[in-house]
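Participant: The structure follows.
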Amino acid sequence: MLYKVLLMGKSGSGKTSMRSIIFANYIARDTRRLGATIDVEHSHVRFLGNLVLNLWDCGGQEAFMENYFVSQRDNIFRNVEVLIYVFDVESREIDKDMHYYQSCLEAILENSPEAKIFCLIHKMDLIQEDQRDLIFREREEDLKRLSKPLECTCFRTSIWDETLYRAWSSIVYMLIPNVKELEQSLNHFANIIDADEVLLFERATFLVISHCQRRHHRDVHRFEKVSNIIKQFKLSCSKLAAQFQSMEVRNSNFAAFIDVFTSNTYVMIMSDPAIPSEATLINIRNARKHFEKLERVSQTQSALTK
C-alpha cells in the first residue's frame, strides 16, 4: 500500500533533519551537516513491510514555494494522503509562514480534500521551558482556525528530545490499515500474560505503532523516550558491527523486556518482577505466530485494494 506524504514548510524549518532522524538513522547532532533541500526530494520509505510512504520533501525557498502553487500545483497536491507542515517556532516571518500554509490548504482542498493535515511546531527546545505550553497553545489555536473547513492536528517537536518520535508515531498510526485488530490482539496478549504494559515498535524506525496499558504510569512521554533511547543504542551497536536483538532490565519495581517479535516489529513488555524471565520469553515466542499471521493478512488485504 503506497501513501503520498507531503513534507512542507519554510526553508530552514527542520523538515529534512527530522526526516533523516526518523527514517535514515541520523542522530540529532549529525543533521547539522545536511544542506537545504532543492525543489522536491522523493523517497520511498517501507514501513511495517507492506506500508510504503511516498515521501515528498519539498524545499521551502520562496521561489520553490511559489512554483508549487502555480506550475506544479496539480502534480504536487494530487492524491495526497497526508500533509505535514513544519513551522519554525522562532520564525520572524509568521505572517508569510501562515500565508504559505493557507496556500497549501487551498491546493489540498482542491486536489486531495480527504488528506489528513498535521502541523509540527518545531524547534521548541529554543523556547524557554516555562513559555513552551503557552506558545504552543497560541499557535495551535491560530492554525486550527486558519485550517477550517479542514481539520489539523498539531504537535510540538524538537530533534533533541522524544517529542519528534511522539509526533511521527501518531502520524504513521493513522496510516496502518489493520491497527484496530492489532490493538485488540495486543490487549488480549497483555491480559493472558498479566503484563502491566505491552508496546509494539516498528523495527526500522522504532516508532510506537500500538500499545496496551493495564497499570497506570505517571510518565505520559515514556513511549517516545524509549523509542529515542533504544534507537540510539541500536545505532551504537551497528557502529561496533553488532546487531541489537533483545534487552532485559529488572529491578525491585518492574521487569522490562524488549525482543524481536515479527519480521517488522519489536515488542516491549513491562511486568511484575516476580514473574520469571523464562515465562515472559516463552509467552513472546508463542505469540509470534499469531502476530505474524496478522501481518500477512494485512499485506494480502493491502495488495487486493491496490
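Participant: Checking the conditions here, which among 102, 131 is farther than 17 Å from residue 41 by Cα, polar (S, T, N, Q), outside any strand (DSSP E or B) and in contact (Cβ under 8 Å) with a residue 40 or more places away in the chain? Before the answer, list the steps.
Facilitator: On the way: 131 fails: in contact (Cβ under 8 Å) with a residue 40 or more places away in the chain.
Step by step, each of 102, 131 is checked, and only 102 is farther than 17 Å from residue 41 by Cα, polar (S, T, N, Q), outside any strand (DSSP E or B) and in contact (Cβ under 8 Å) with a residue 40 or more places away in the chain.
Participant: Which residue pairs have Cβ atoms under 6 Å apart, sit 6 or more places apart or on different chains, and have a first residue in the stretch 52-64 that is open to solvent by 20 Å² or more (accessible area, probe 1.4 Å) and a second that is in a loop (DSSP other than H, G, I, E, B)?
Facilitator: Going by the 6 Å Cβ cut-off, the qualifying pairs are 61/11; 64/39.
Participant: Could you list, in sequence order, all residues of the stretch 221-231 that are loosely packed, with under 14 Cβ neighbours inside 10 Å and more than 18 Å from residue 155 (Cβ to Cβ)? It would help to see each step written out before you state the result.
Facilitator: Residues of the stretch 221-231 loosely packed, with under 14 Cβ neighbours inside 10 Å: 221, 229.
Of everything in the stretch 221-231, just one residue is loosely packed, with under 14 Cβ neighbours inside 10 Å and more than 18 Å from residue 155 (Cβ to Cβ), namely 229.
Participant: So, one more: May I ask you to list pairs of residues, at least six apart or on different chains, whose Cβ atoms are under 9 Å apart, with the first in the stretch 251-278 being free of Cβ contacts under 8 Å to residues at least 12 places away in the same chain and the second being small (Gly, Ala, Ser)?
Facilitator: Close Cβ pairs (under 9 Å, with a partner that is small (Gly, Ala, Ser)) amount to 274/255.
Participant: For residue 195, indicate whether it is hydrophobic (A, V, I, L, M, F, W, C), closer than 25 Å to residue 120 by Cα and buried (at least 19 other Cβ atoms within 10 Å of the Cβ). Let's see the steps before the verdict.
Facilitator: On the way: hydrophobic (A, V, I, L, M, F, W, C): yes; closer than 25 Å to residue 120 by Cα: no; buried (at least 19 other Cβ atoms within 10 Å of the Cβ): yes.
Here the answer is no, as residue 195 does not meet what is asked.
Participant: While we're looking at this one, here's another question. Specify which of the listed residues (20, 13, 71, 91) is closer than 23 Å to residue 228 by Cβ and either part of a loop (DSSP other than H, G, I, E, B) or open to solvent by 10 Å² or more (accessible area, probe 1.4 Å) (or both). Spell out the reasoning first.
Facilitator: Working: 20 fails: either part of a loop (DSSP other than H, G, I, E, B) or open to solvent by 10 Å² or more (accessible area, probe 1.4 Å) (or both); 71 fails: closer than 23 Å to residue 228 by Cβ; 91 fails: closer than 23 Å to residue 228 by Cβ.
Criteria check complete, one pass: 13.
Participant: When you scan the stretch 206-213, do you find a residue that is under 21 Å from residue 30 (Cα atoms) and open to solvent by less than 80 Å² (accessible area, probe 1.4 Å), even just one?
Facilitator: Looking only at the stretch 206-213, we keep the residues that are under 21 Å from residue 30 (Cα atoms), and these are 206-207.
Still in the running and open to solvent by less than 80 Å² (accessible area, probe 1.4 Å): 206-207.
Yes, the conditions are met somewhere in the stretch 206-213.
Participant: Next question. For the stretch 247-289, enumerate the residues that are more than 22 Å from the chain's Cα centre (by Cα), aliphatic (A, V, I, L, M) and more than 15 Å from residue 190 (Cβ to Cβ).
Facilitator: Passing the criteria: 247, 249, 274, 281, 282.
Participant: Condition check: hydroxyl-bearing (Ser, Thr, Tyr), in contact (Cβ under 8 Å) with a residue 24 or more places away in the chain, in contact with a strand residue (DSSP E or B) (Cβ under 7 Å, 6 or more places away or on another chain) and part of a helix (DSSP H, G or I). Does residue 31 satisfy that?
Facilitator: Numbers: hydroxyl-bearing (Ser, Thr, Tyr): yes; in contact (Cβ under 8 Å) with a residue 24 or more places away in the chain: yes; in contact with a strand residue (DSSP E or B) (Cβ under 7 Å, 6 or more places away or on another chain): no; part of a helix (DSSP H, G or I): yes.
So residue 31 does not fit the description; no.
The values are calculated or read from the model by the stated rules, or taken from the named source; none is laboratory data. All values derive from a computational prediction rather than experimental measurement. Cβ coordinates were reconstructed from backbone atoms using ideal geometry, including for glycine residues, and neighbour counts include every protein chain displayed. We work out accessible area using only protein heavy atoms, side chains counted, and drop any ligands, DNA or RNA first. Shrake-Rupley method; radii C 1.70, N 1.55, O 1.52, S 1.80 Å.
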